[in-house]
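Peer 1: Structure provided below as structure tokens; questions to follow.
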Amino acid sequence: MILNHLWGLYAHPIEEWQTIDNRHESATYSLSHIALIALIPSLMGYYSSVYLGWKIGTGDDVFLTHNSAVLIGIAMYFALIIGVFALSYLAHWMAVTFGAKPTYTQTLELSAYTATPVFMSAFAAFYPELWFVVSVGLAALAYSVYLLYTGVPILMHIPEERGFIYASSVVTCGLVLLVIILAATAILWTNGIISPTFT
């Protein structure tokens, strides 16, 4: 089953990382996981913006048109997948510096399972209040960082001291990638390529 590690990452993350390390499924398995989990933010973004509406401050609820929400959802889906691939590549490239020689599949597993809580936090859009979505997103981000710090020594076979520095470097790369995605989004929106259309 594609999502068989999902519960373990929440219930007993260290044991689950060890299971992932022992099995090392194929790259196709990790790709399937990413492709499925990345659907959650895209679908939730579409649903909440078209049917539930967003309220920021004391104004009226804001809704997007169906076509606009579909376009933004598709763009978000591919941006998330590209982000995970880029993070995997950077994690693979940096691993040599820290005395590890992982395969690209190992770093893809690390990135895919680490990103899972952030992607799943999109379920918070069922209650599209900005304060609630941001709170859930921050909690998910904190848990993703925790997963990264616990997973690196196990998957990368790096001592914990060096693993901490390596994981910190991966977090930094992840933040840089996030800024790049946000900047690209702002450029696309201001140029009218993928701009929201409100109802």
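The values are calculated or read from the model by the stated rules, or taken from the named source; none is laboratory data. Just so it is clear, the model here is predicted, and its values are computed rather than measured. Note that we place each Cβ from the backbone using ideal geometry, even for glycine, and neighbour counts take in every protein chain shown. These accessible areas exclude ligands, DNA and RNA; they are computed on the full protein's heavy atoms, side chains included. Shrake-Rupley method; radii C 1.70, N 1.55, O 1.52, S 1.80 Å.
Peer 1: Which of the residues that make up region 177-192 are of a type outside the set (A, V, I, L, M) and either touching an Asp or Glu at 6+ places or on another chain (Cβ under 6 Å) or in a helix (DSSP H, G or I) (or both)?
Peer 2: Step one: list which residues in region 177-192 are of a type outside the set (A, V, I, L, M), which gives 185, 189-192.
Passing the criteria: Thr185, Trp189, Thr190.
Peer 1: Scan region 49-63 and report the pairs whose first residue is over 15 Å from Ala124 (Cα atoms) and whose second residue is open to solvent by 60 Å² or more (accessible area, probe 1.4 Å) and in a loop (DSSP other than H, G, I, E, B), with Cβ atoms within less than 6 Å and a gap of 6+ or a chain change.
Peer 2: As it stands, the answer is Phe63/Thr199, since those pairs meet every condition given.
Peer 1: Of everything in region 169-199 that's closer than 21 Å to Tyr46 by Cα and of a type in the set (S, T, N, Q), which residue is farthest from the chain's Cα centre (by Cα)?
Peer 2: The extreme case among them is Thr199.
Peer 1: Going by the structure shown, is Leu138 touching a residue at least 12 places away in the same chain (Cβ under 8 Å) and closer than 23 Å to Ile181 by Cβ?
Peer 2: Numbers: touching a residue at least 12 places away in the same chain (Cβ under 8 Å): no; closer than 23 Å to Ile181 by Cβ: yes.
No; evaluated as a whole, the condition is false for this residue.
Peer 1: Within region 102-115, identify whether any single residue is open to solvent by 70 Å² or more (accessible area, probe 1.4 Å) and either under 14 Å from the mean Cα position of the chain (by Cα) or of a type in the set (D, E, K, R) (or both), and answer yes or no. Show your work before the answer.
Peer 2: The first filter runs over region 102-115 and keeps only residues open to solvent by 70 Å² or more (accessible area, probe 1.4 Å), leaving 103-104.
Remaining after also requiring either under 14 Å from the mean Cα position of the chain (by Cα) or of a type in the set (D, E, K, R) (or both): none.
No, there is no match, as no residue in region 102-115 is open to solvent by 70 Å² or more (accessible area, probe 1.4 Å) and either under 14 Å from the mean Cα position of the chain (by Cα) or of a type in the set (D, E, K, R) (or both).
Peer 1: For the structure I just gave you, tell me whether Thr58 is more than 23 Å from the chain's Cα centre (by Cα) and of a type in the set (S, T, N, Q). Break it down into steps so the answer makes sense when it comes.
Peer 2: On the way: more than 23 Å from the chain's Cα centre (by Cα): yes; of a type in the set (S, T, N, Q): yes.
For Thr58, the condition - more than 23 Å from the chain's Cα centre (by Cα) and of a type in the set (S, T, N, Q) - is met.
Peer 1: Please state which one of Gly174, Gly151 is open to solvent by less than 60 Å² (accessible area, probe 1.4 Å), among the small types (Gly, Ala, Ser), within 25 Å of Ala75 (Cα to Cα) and in a helix (DSSP H, G or I).
Peer 2: Values: Gly151 fails: within 25 Å of Ala75 (Cα to Cα).
Matching residue, one of Gly174, Gly151: Gly174.
Peer 1: Going by the structure shown, is Gly73 open to solvent by less than 40 Å² (accessible area, probe 1.4 Å) and without any contact (Cβ under 8 Å) to a residue 60 or more places away in the chain?
Peer 2: Details: open to solvent by less than 40 Å² (accessible area, probe 1.4 Å): yes; without any contact (Cβ under 8 Å) to a residue 60 or more places away in the chain: yes.
Considered against the rule, which asks whether it is open to solvent by less than 40 Å² (accessible area, probe 1.4 Å) and without any contact (Cβ under 8 Å) to a residue 60 or more places away in the chain, Gly73 comes out as yes.
Peer 1: Let me ask something else about it. The conditions are (1) open to solvent by 40 Å² or more (accessible area, probe 1.4 Å); (2) without any contact (Cβ under 8 Å) to a residue 12 or more places away in the chain; (3) in a helix (DSSP H, G or I), and Gly8 fails exactly one of them. Which is it?
Peer 2: (1)
Peer 1: Moving on to the next point. Being over 20 Å from Ile40 (Cα atoms) and either open to solvent by 60 Å² or more (accessible area, probe 1.4 Å) or part of a strand (DSSP E or B) (or both) is the requirement here; does Tyr166 meet it? So that I can check it myself, show each step before the final result.
Peer 2: Details: over 20 Å from Ile40 (Cα atoms): yes; either open to solvent by 60 Å² or more (accessible area, probe 1.4 Å) or part of a strand (DSSP E or B) (or both): no.
So Tyr166 does not fit the description; no.
Peer 1: Suppose we keep only residues that are acidic (Asp, Glu) and out of contact with any Leu (no Cβ under 7 Å at 6 or more places or on another chain) within region 11-51. Which one would you say is most open to solvent (accessible area, probe 1.4 Å)? Full working, then the answer.
Peer 2: Our first condition is that a residue be acidic (Asp, Glu); within region 11-51, this holds for 15-16, 21, 25.
This time we only want the ones that are out of contact with any Leu (no Cβ under 7 Å at 6 or more places or on another chain), so: 15, 25.
Numbers: Glu15: 98, Glu25: 32 Å².
The selected residue is Glu15.
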